[in-house]
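Notes for the one structure printed next.
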Amino acid sequence: MASPTVITPTAAAAVAAASKPFLLVKSKLTPNPTTTTTTAIAWPPTRRRDLIISLSTGFLLLSPVRHALAASDEEYAKETAEAIEKIRSTLTLDKNDPNIAAAVAELRDISNGWVAKYRKEKTLLSRSSFREMYSALNAVSGHYISFGPTAPIPAKRKQRILEEMDTAEKALSRGR
C-alpha cells in the first residue's frame, strides 16, 4: 500500500509559492520616482552653516581618538593617602564637636570624588589598596548617609574601617 504524501506547512508554502507569481506592491507613502527632485550638494558651500558643518565633520573625522588619561600611580597614592587621613581625622572627632557636620560634608566630597575618579580605572580594580579603600569609604559614607553626621560610628564598624585603611596603607606603600 502506498503511503499518502504528508503536506506540512513549509511544504504547502513552497508549493503555493511555486505556483503563484510574486506581485510587487507600491507603497503610497513613498513618492513617485519621476516626481522626486534631487538636490546636489554644492561645493564649495555657499551658506555659512554648511561651511561650519563640513569643516567640523572633517575635523572630527581626521582628529585622533584620545582616551581618557589614566591617573598616574603617584597621583593615586597621594589622593588615597589624603582620603585615609581625612577618614581618620573625621572618625576621631567627638559627636559634640561643632565642626563635625562640616568635616563629614568634606569627607563625603572627598570620597565621592575619589570613587568617581578611580572606580572606572580598570588597572586599579585588581589592587588590594583600591578594594580596601573602596570598602572603607563605602562603610563610612553609608553610615553617615543613613544615620546623619552626628551619629557616632559603632565600635565594631569603626574597628573594621580602621583595619581596612591600615591594610590599604600597607598595600599602597608596597605599590599594590
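At a glance:
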{"item": "GLN159, sole failed condition from (1) loosely packed, with under 13 Cβ neighbours inside 10 Å; (2) outside any loop (DSSP other than H, G, I, E, B); (3) touching a residue at least 24 places away in the same chain (Cβ under 8 Å)", "result": "(3)"}
{"item": "Selection from segment 133-156 of residues that are of a type outside the set (A, V, I, L, M, F, W, C) and either part of a helix (DSSP H, G or I) or within 25 Å of the chain's Cα centre (by Cα) (or both)", "result": "TYR134, SER135, ASN138, SER141, GLY142, HIS143, TYR144, SER146, LYS156"}
{"item": "Filter result (crowded, with 16+ Cβ neighbours inside 10 Å, aliphatic (A, V, I, L, M) and closer than 20 Å to ALA101 by Cα) within segment 118-156", "result": "ALA136, LEU137, ALA139, VAL140, ILE153"}
{"item": "Flag for ILE100 being of a type in the set (Val, Ile, Thr) and in contact with a Pro (Cβ under 7 Å, 6 or more places away or on another chain)", "result": "yes"}
{"item": "Failed criterion for LYS95 (all others in (1) over 14 Å from GLY175 (Cα atoms); (2) of a type outside the set (S, T, N, Q); (3) free of Cβ contacts under 8 Å to residues at least 12 places away in the same chain; (4) not in a helix (DSSP H, G or I) hold)", "result": "(3)"}
{"item": "Which numbered condition GLY175 misses (of (1) of a type outside the set (Lys, Arg); (2) surrounded by 15 or more Cβ atoms within 10 Å (Cβ to Cβ); (3) assigned to a loop (DSSP other than H, G, I, E, B))", "result": "(2)"}
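Any read-out appearing in this document is the output of simple, stated calculations on the displayed coordinates, not a laboratory observation. Everything quoted here is computed from the prediction, not taken from an experiment. Every residue, glycine as well, gets a Cβ built from its backbone with ideal geometry; the counts of neighbours run over all protein chains shown.
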